[in-house]
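Please treat every number below as a calculation from the coordinates, not as lab data. These figures come from a predicted structure and were not determined experimentally. Counting neighbours? That spans all protein chains shown, and the Cβs are built from the backbone with ideal geometry, glycine included.
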Amino acid sequence: MTKWTPKHEAPEPLEGNVVATITGGTVLWFLLFLAQLPFYGWLSDHDRLWWLWTCLAGGGLGLIGIWYVRKRDAAIRRAQGEPATEG
């Protein structure tokens with residue numbers, strides 16, 4: 001099994017503006033949900049109603065993600081000794 005084990009170290013993780021990324025994705029899920037609402041009847045007739053509920057679930061999970069990454073960002077800042085920004 002050792003012949004399949006990588007012989008180099010893993011690169012450092014990329015740190016970007018995670019809060020903005022998760023927020024943008026959450027907004028996108030909710031926009032997709034709202035865009036599909038006028039087609040509720042068509043989606044229901046063609047057994048594609050799950051598309052609508054998938055978008056709503058994505059938006060809901062995104063709200064949890066926003067809460068999580070904001071708390072994570074604040075914890076990282078506290079650990080580095082920087083003041084946590086509100087908002």
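Quick notes on this one:
- For the chain, the longest principal axis of the C-alpha atoms and the axis of helix 18-36 are separated by about 10°.
- Cβ-Cβ distance of TRP51 and LEU14, R₀ of 25 Å, FRET efficiency by 1/(1 + (r/R0)^6): the value works out to about 0.20.
- Peptides ranked, highest mean first, by Cβ atoms within 10 Å: ranges 71-81, 28-38: 28-38, 71-81
- Chain lengthening between ARG72 and VAL27 when straightened (0.36 nm per residue, less Cα-Cα): 14.2 nm
- Dividing the mean sequence gap of close Cα pairs (under 8 Å, 6+ apart) by how many residues the chain holds gives a relative contact order of 32 percent.
- Considering helices alone, the calculated mean residue ellipticity of the chain at 222 nm is -22500 deg cm²/dmol, with DSSP H runs of length four and up weighted by -39500 (n - 2.57) and normalised per residue.
- Based on alpha-carbon atoms, the Kirkwood radius and the radius of gyration of the chain give Rg/Rh equal to 1.22.
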